[in-house]
Amino acid sequence: MNTAKRQGLVIARHRRELEIEDEDGETFTALVLGRKLRPLAGDRVLFGLEKDGTTVVHEILSRDSLLERIDSRGQGEGVAANVSLIVVVIAPEPAADWQLVDRYLVAAALMDTDAALVRNKQDLANNELDSRADTYREIGYKVVSTSTKTRQGLDTLANVLNGQRSVLVGQSGVGKSSLINSLLNREAQAVGELSERRALGRHTTTAAMLYRLPGGGELIDSPGVRRYAPKIADPTELGFGFIEFRPYLGQCRFNDCGHSIEPDCAVIAAVQAGSIQRARYQSYLALSETLARLRD
Ligand code: GDP
Ligand code: ZN
């Protein structure tokens, strides 16, 4: 019997059971021994076949990135590993929460992960939403317009996801399940009212799932990712999360400048010169206050 350790990719996580795919694409159901080892979808692991016939995960290989959410006790909890792209979905309905969009983008930037915006429900016109989305394009984010009803933009989205391991985040109801189904060409996710209930029920069975996209790339979906509230650990790093602030950071008079009321602030100067959008700056200030309140 071959007891050598092999490398695998975690493609689904149930409670203490994992579905693992080895380098040849063969799948295994494996057990995780011990409470300390907490593999996530997207993790590369070392696993082996035991003498009793069970497959056991021994080790998690080092992660390129870790997506963490805040659990009910305010602690960070891993939801997915080695994600390379965070896709923030917005729509006319429910109305976009731009503060939340910026929180996602900040979290992505601080974990050194690319981010993109999807403006879904393009079949529902909304000029205000479109012009605000355009401002993110100016900052340098990819913005893709889609409709799962008309299938507009789905090929473009598939191209953006190709070669990446992505997660879709965003408010409930913006169309994440619908987009996943459209991309996979099957009903992998229940849409609408059913989806929340299904997701809750699923929480006890499958905590996370990694899908291979027909157009290339992988997509991780899980209730944890669905309820993902971005964790921003260090408030002094907040400025780095606003990627268009970066050229100005380090040019303020004070090293620990909070870019709010300090004299000779390079960020405020850039806002006044029109190089940084006022809306994003306001969002920075609001987030900065929120984080300060959480700290106290
Ligand atoms: P999720 O909560 O983000 O997963 O959103 P769902 O995929 O469950 O979709 C929420 C609702 O929006 C459902 O009623 C969908 O039929 C609807 N929806 C999804 N995509 C579109 C779209 O492109 N256009 C329109 N008009 N409705 C959509
Ligand atoms: Zn400053």
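Of all the listed residues (106, 89, 118), the sole one being more than 14 Å from ligand 1 (Cβ to nearest atom), under 21 Å from residue 164 (Cα atoms), among the aliphatic types (A, V, I, L, M) and touching a residue at least 60 places away in the same chain (Cβ under 8 Å) is 106.
Residue-level check: of (1) in contact (Cβ under 8 Å) with a residue 40 or more places away in the chain; (2) touching a strand residue (DSSP E or B) at 6+ places or on another chain (Cβ under 6 Å), residue 163 misses just (2). Say we look at segment 241-267 and pick out the residues that are near ligand 2 (Cβ under 7 Å from one of its atoms) and assigned to a helix (DSSP H, G or I); which of these is least open to solvent (accessible area, probe 1.4 Å)? Only one residue fits best here, namely 267. Of all residues in segment 219-261 being touching a helix residue (DSSP H, G or I) at 6+ places or on another chain (Cβ under 6 Å) and aromatic (Phe, Trp, Tyr), which is nearest to ligand 1 (Cβ to nearest atom)? Residue satisfying both the conditions and the ranking: 242.
Can you pull out every residue in segment 71-115 that is charged (D, E, K, R) and crowded, with 20+ Cβ neighbours inside 10 Å?
Those that are charged (D, E, K, R) and crowded, with 20+ Cβ neighbours inside 10 Å: 102, 103.
Considering 54, 29, the condition of being among the polar types (S, T, N, Q) and open to solvent by less than 70 Å² (accessible area, probe 1.4 Å) is satisfied by 54 alone. Criterion first (surrounded by 14 or more Cβ atoms within 10 Å (Cβ to Cβ), at pLDDT 95 or above, closer than 14 Å to residue 88 by Cβ and not hydrophobic (A, V, I, L, M, F, W, C)) does residue 182 satisfy it? Criteria not met by residue 182.
In this structure, is residue 79 part of a strand (DSSP E or B), in contact (Cβ under 8 Å) with a residue 40 or more places away in the chain and within 17 Å of the chain's Cα centre (by Cα)?
Working: part of a strand (DSSP E or B): yes; in contact (Cβ under 8 Å) with a residue 40 or more places away in the chain: yes; within 17 Å of the chain's Cα centre (by Cα): yes.
Judged against the criteria, residue 79 is a match.
Listed by first and then second residue, the pairs linking a residue in segment 37-56 that is touching a residue at least 60 places away in the same chain (Cβ under 8 Å) to a residue that is assigned to a loop (DSSP other than H, G, I, E, B), with Cβ atoms under 7 Å apart and 6 or more places separating them unless they lie on different chains, are 41/222; 42/82; 42/83.
Yes or no: segment 3-10 includes at least one residue that is open to solvent by less than 10 Å² (accessible area, probe 1.4 Å) and either at pLDDT below 90 or among the acidic types (Asp, Glu) (or both). Within segment 3-10 (the criterion being open to solvent by less than 10 Å² (accessible area, probe 1.4 Å) and either at pLDDT below 90 or among the acidic types (Asp, Glu) (or both)), the answer is no, since none of the residues qualifies. For segment 203-227, the candidate set comprises residues that are charged (D, E, K, R) and surrounded by fewer than 19 Cβ atoms within 10 Å (Cβ to Cβ); within that set, the residue that is modelled with the lowest pLDDT is 227. Residues in segment 161-181 that are within 18 Å of residue 79 (Cβ to Cβ), not small (Gly, Ala, Ser) and not in a helix (DSSP H, G or I): 164, 165, 167, 168, 169, 171.
The values are calculated or read from the model by the stated rules, or taken from the named source; none is laboratory data. If you're wondering where the values come from, they're calculated on a predicted model, not measured in any experiment. Cβ: placed from backbone, ideal geometry, glycine included. Neighbour counts: every protein chain shown. The protein model used for the area step is the full one, side chains on, heavy atoms only, and it has no ligands, DNA or RNA in it. Shrake-Rupley method; radii C 1.70, N 1.55, O 1.52, S 1.80 Å.
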